[in-house]
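In what follows, a structure is listed as structure tokens, so that the remarks can point back to it.
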Amino acid sequence: MRIGFGYDVHRLVTDRPLILGGVNLPHTHGLLGHSDADVLLHAICDALLGAACLGDIGKHFPDTDEAYKGIDSTKLLRKTGEMIAEKYTIANIDATICAQEPKLAPYIEAMQQKISNLLHLETSQVSIKATTTEKLGFVGNKEGISAYAVTLLQEI
């Protein structure tokens, strides 16, 4: 068994859609990044890649490559899942999104479903939680959103 940890953060800006866990959320601000800046999927990719000792998301999908400019992060997660599936099965994923707003509870189930479908998992294998930072730091000041993820892989 192998454990992986992932983290990502992106700045909130106007004129960008807010996409978390592959789900488009109604909000006045979105996340800025080379891709669609989905911090949740990026953290999960990093956790999976780290557990398999395959580096990180920047190694496989560098922001210096124009092929990834504006890319839908579900494609990055799907490709990461394919790399992992060569040697491992995913036992579970546990992730936390840190956002002062919007309220994420209404979207958690859709995110779980999207991620489990992309990785060919049961929804019971994908846990997603959300929290605020009690108005502290860049998240609390509504300057950005971050996400943490851990995963457990089992060798085939």
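Over the range 1-65, what relative contact order in percent results from Cα pairs under 8 Å that are six or more residues apart?
With pairs under 8 Å counted, the relative contact order is 37 percent.
How about the range 44-153: which GluC sites (Glu not before Pro) there are in a DSSP loop, with at most 13 other Cβ atoms within 10 Å of their Cβ?
86, 122, 134
Relative contact order for the range 2-155 using alpha-carbon pairs under 8 Å, separation at least 6, rounded to a whole percent?
34 percent
For residue 83 and residue 143, compute 0.36 nm times the residue count separating them, minus their Cα-Cα distance, and round to one decimal in nm.
18.3 nm
Using θ = phi - 60° and the Karplus form 6.51 cos²θ - 1.76 cosθ + 1.60, what ³J(HN,Hα) does each residue of the range 60-67 get, whole Hz, x for Gly and Pro?
8, 9, x, 6, 8, 9, 4, 4
If you line up the Cα atoms of the range 2-155 on their principal axes, what length do they span on each, largest first, in Å?
Ordered largest first, the range 2-155 gives principal extents of 41, 35, 24 Å.
Name the lysines eligible as straight-distance cross-link partners of residue 87: C-alpha to C-alpha under 26 Å, and not fewer than 8 places from it in the same chain.
Partners found: 59, 75, 79, 114.
Can you list, largest first and rounded to whole Å, the semi-axes you get for the range 5-45 by taking the square root of 5 times each eigenvalue of its Cα gyration tensor?
17, 11, 7
Would you mind calculating the gained length between residue 65 and residue 28 on full extension (0.36 nm times residue separation, minus the Cα-Cα distance), in nm to one decimal?
10.4 nm
Output wanted: per-residue J couplings in Hz (rounded whole) for the range 142-156, from phi through Karplus 6.51 cos²θ - 1.76 cosθ + 1.60, θ = phi - 60°, x for Gly and Pro.
3J(HN,Hα) across the range 142-156, in whole Hz: 6, 8, x, 10, 10, 8, 10, 8, 10, 9, 10, 10, 10, 5, 6.
Through the Karplus equation 6.51 cos²θ - 1.76 cosθ + 1.60, θ set to phi - 60°, convert the phi angles of the range 7-20 into ³J(HN,Hα) values in whole Hz; use x for Gly and Pro.
8, 8, 8, 9, 6, 7, 9, 7, 6, 9, x, 9, 10, 9
So which aspartates and glutamates pass the test for residue 69, namely a Cα distance under 16 Å, with those fewer than 8 places away in the same chain ruled out?
Hits, sequence-local ones excluded: 36, 38.
How about the range 102-154: which trypsin sites (Lys or Arg not before Pro) there lie in a loop by DSSP and see at most 13 other Cβ atoms within 10 Å?
103, 135
Using the scaling law 2.2 N^0.38 Å as the reference, what is the normalised Cα Rg of the range 58-121?
1.31
Where does the charge balance sit around residue 85 when Lys and Arg score +1, Asp and Glu -1, over other residues with C-beta under 11 Å from its C-beta?
+1
All of the numbers you see were taken from the coordinates with simple rules; none came from a lab. None of the values given here were measured: they were computed from a predicted structure. In this analysis, Cβ positions are derived from the backbone assuming ideal geometry, glycine residues included, and neighbour counts consider all displayed protein chains.
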